[in-house]
Structures are given as C-alpha cells and as structure tokens.
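The structure under discussion appears below in the form of structure tokens.
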Amino acid sequence: MPSPTYTLIASNTLSSSAASVTFSSIPNTFTDLVLKGSSRSAGGNQAFAILLRFNSDSATNYSDTTIEGSGSAASSYRESNSVYGYITNGNVGSSATANTFSNWELYLPNYTVNSNKPFADFSVTETNATAAKMSADAGLWRNTATISSIVLTDNGGNFVSGSSFFLYGIRATA
Amino acid sequence: MTETLTKVVVDCSTGTQEVVPLTAAEIAELEAAADKAEADRKAAEEEAAAKEAARKAILDKLGLTAEEAAVLLG
C-alpha cells in the first residue's frame with residue numbers, strides 16, 4: 001500500500017486517440033517519480049513499445065537493456081545510444097484481444113539530482129491469447145538536468161481512447 | 001480523409017490539458033521510429049528462426065528428439 005508520501009501529481013485518460021502524451025512542468029518537490037499506465041495501441045501488431053523522452057531531449061542520450069518473455073520464449077537486448085527510452089511492451093496492439101490494455105509502471109528515482117538519470121519499468125500485455133508478453137527495462141538518460149517533462153509516444157501510431165496515465169511523486173520520509 | 005495525429009499535453013503546474021496537432025517533423029520522426037521498430041522486430045524473428053534451425057540440425061545429427069535432449073540437460 002502506498003505511504004502517505006505517494007502523491008498524485010497529474011493524470012490523463014484519453015477521450016480520443018492520441019499519438020503521444022506529455023506531462024510538462026513537473027514539480028521538483030519530490031524525491032522520485034512513478035508513472036503508471038494502462039494503454040493500448042491502434043497499430044496492427046501484438047504489442048508495441050512506448051517511447052520515452054525526458055525534457056524533450058532527442059539526442060542519442062538514452063540506453064536501455066530489456067528482458068522479455070512470452071511464456072514460450074525469452075530474449076534480451078540492448079540499445080546503447082538511442083534517441084528514446086523504452087517501455088518495451090507498454091501497448092498491446094490491435095492483434096491482441098479486443099478491448100484489452102497493457103499495464104505498466106515507470107520508476108524514476110532521484111529525478112532532481114545533478115547526475116545522469118537511471119529509470120526502470122515493467123510492463124505486461126493483457127490478452128486472452130497465448131502470446132501475452134511481459135518485459136522489464138533498465139534504462140539510463142545521460143543528462144544531469146532535473147526531469148521537468150516526460151513524453152510518452154506510441155510506437156504503433158496512436159494510443160486508443162481509454163488509455164490512462166497517472167504521474168505520482170514520492171517524497172522521502174525524514 | 002487523412003487522420004490528424006495529435007498529442008495531449010498535461011501541464012502539471014496548472015492541471016490543464018491541451019490537444020495539439022503534431023508537426024510534420026514530429027510525424028516524420030514517429031514514422032522513422034515505427035520503421036526502425038518493425039525492422040528490429042523482423043531481425044529478432046529471423047535470428048530466433050535461425051537459432052531454432054541450428055538447434056534442430058544438431059538434434060537431427062545426434063539422432064535425438066527435442067524431448068530427449070531436454071531429459072539429458074535435466
């Protein structure tokens with residue numbers, strides 16, 4: 001159960017499809033950030049990644065190590081100089097069971113400190129089929145700035161209506 | 001009719017939310033990212049298929065089934 005220091009900063013549930021969702025002007029008064037979501041892509045595969053950008057940085061400052069399992073196969077891969085971070089299976093696509101959504105959580109510790117920013121996320125596709133996937137990403141944004149905005153982009157085209165996003169702040173207790 | 005791609009911007013300081021059409025540059029960037037993802041997905045599928053074919057070739061050479069090999073490996 002979240003402690004009383006776990007505070008909802010902002011949220012959005014899409015009332016129509018959108019290619020990306022941005023949380024801007026994030027307050028710098030917390031210790032860590034947690035972003036939780038339930039989302040689905042209009043794209044035609046089983047699952048798509050959610051692409052991450054912090055402070056609109058489009059340079060090759062992101063690295064990401066991923067493990068992924070489907071119940072019948074497992075794989076791992078890495079990108080060292082990417083222009084995005086990844087929530088690897090953040091979006092089920094239209095090939096998955098209708099009206100199901102992926103569920104995921106992105107954790108950003110110490111987002112205001114003057115050092116590079118690690119992040120971690122975990123995602124699962126929700127589908128009543130045999131090819132459900134789960135994945136975990138260990139990422140790094142090589143930038144020392146305080147994170148003041150997060151952009152989440154569907155790599156399959158559009159987040160569908162009903163996709164929801166919740167940004168929380170966690171304040172360290174004394 | 002061509003669909004207009006949009007982004008939703010949530011301002012955490014005010015709580016306001018705005019729907020903004022993507023620029024041509026943003027759309028081009030999204031298309032490039034989607035193309036890269038598709039290429040990566042196909043490459044991963046091909047790598048997995050090649051590994052499976054190599055595994056099967058070794059088993060055939062040894063005269064073992066996949067189940068027998070699994071028993072041997074414990």
- Please indicate, with yes or no, whether at least one residue in segment A:146-154 is away from chain B (no Cβ under 11 Å), farther than 23 Å from B:SER13 by Cβ and out of contact with any Lys or Arg (no Cβ under 7 Å at 6 or more places or on another chain). no
- Item | Failed condition for A:PHE48, given (1) in contact with a Gly (Cβ under 7 Å, 6 or more places away or on another chain); (2) at pLDDT 95 or above; (3) among the hydrophobic types (A, V, I, L, M, F, W, C) | (2)
- For segment B:16-57 the number of residues that are surrounded by 11 or more Cβ atoms within 10 Å (Cβ to Cβ) and more than 21 Å from the chain's Cα centre (by Cα) is 10
- Query: Of all residues in segment A:25-48 being β-branched (Val, Ile, Thr) and part of a loop (DSSP other than H, G, I, E, B), which is farthest from A:ASN155 (Cα to Cα)?
  - Reply: A:THR29
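Each row is one residue, and each column tells you yes or no for (1) at the interface with chain B (Cβ under 10 Å from one of its Cβ atoms); (2) under 30 Å from A:THR130 (Cβ atoms); (3) touching a residue at least 40 places away in the same chain (Cβ under 8 Å).
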{"residue": "A:LEU8", "(1), (2), (3)": "no, no, yes"}
{"residue": "A:SER25", "(1), (2), (3)": "yes, no, yes"}
{"residue": "A:ASN28", "(1), (2), (3)": "no, no, yes"}
{"residue": "A:LEU35", "(1), (2), (3)": "no, yes, yes"}
{"residue": "A:SER41", "(1), (2), (3)": "no, yes, yes"}
{"residue": "A:PHE48", "(1), (2), (3)": "yes, yes, yes"}
{"residue": "A:SER58", "(1), (2), (3)": "yes, no, no"}
- Where B:ALA69 falls short, out of the listed (1) farther than 18 Å from A:ASN91 by Cβ; (2) out of contact with any Lys or Arg (no Cβ under 9 Å at 6 or more places or on another chain); (3) without any contact (Cβ under 8 Å) to a residue 12 or more places away in the chain: (2)
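Okay, residues lined up against (1) over 25 Å from A:LEU33 (Cβ atoms); (2) away from chain B (no Cβ under 14 Å); (3) crowded, with 22+ Cβ neighbours inside 10 Å:
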| position | (1), (2), (3) |
| --- | --- |
| A:THR88 | no, no, yes |
| A:VAL92 | no, yes, yes |
| A:GLU105 | no, yes, no |
| A:LYS117 | no, yes, yes |
| A:TYR168 | no, no, no |
- Check segment A:61-83 and report whether any residue there is among the acidic types (Asp, Glu) and free of Cβ contacts under 8 Å to residues at least 24 places away in the same chain. yes
- Message: Being assigned to a strand (DSSP E or B), surrounded by fewer than 16 Cβ atoms within 10 Å (Cβ to Cβ), of a type in the set (Gly, Ala, Ser) and touching a helix residue (DSSP H, G or I) at 6+ places or on another chain (Cβ under 8 Å) is the requirement here; does A:SER80 meet it?
- Response: no
- Could you pull out the residue among A:THR65, A:THR22, A:THR60, A:THR7 that is at pLDDT 95 or above, in a strand (DSSP E or B) and surrounded by fewer than 17 Cβ atoms within 10 Å (Cβ to Cβ)? A:THR65
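The values are calculated or read from the model by the stated rules, or taken from the named source; none is laboratory data. Just so it is clear, the structure is predicted and the values come from calculations on it, not from any experiment. Methodologically, a virtual Cβ is constructed for each residue, glycine included, from the backbone with ideal geometry; neighbour enumeration extends over all protein chains shown.
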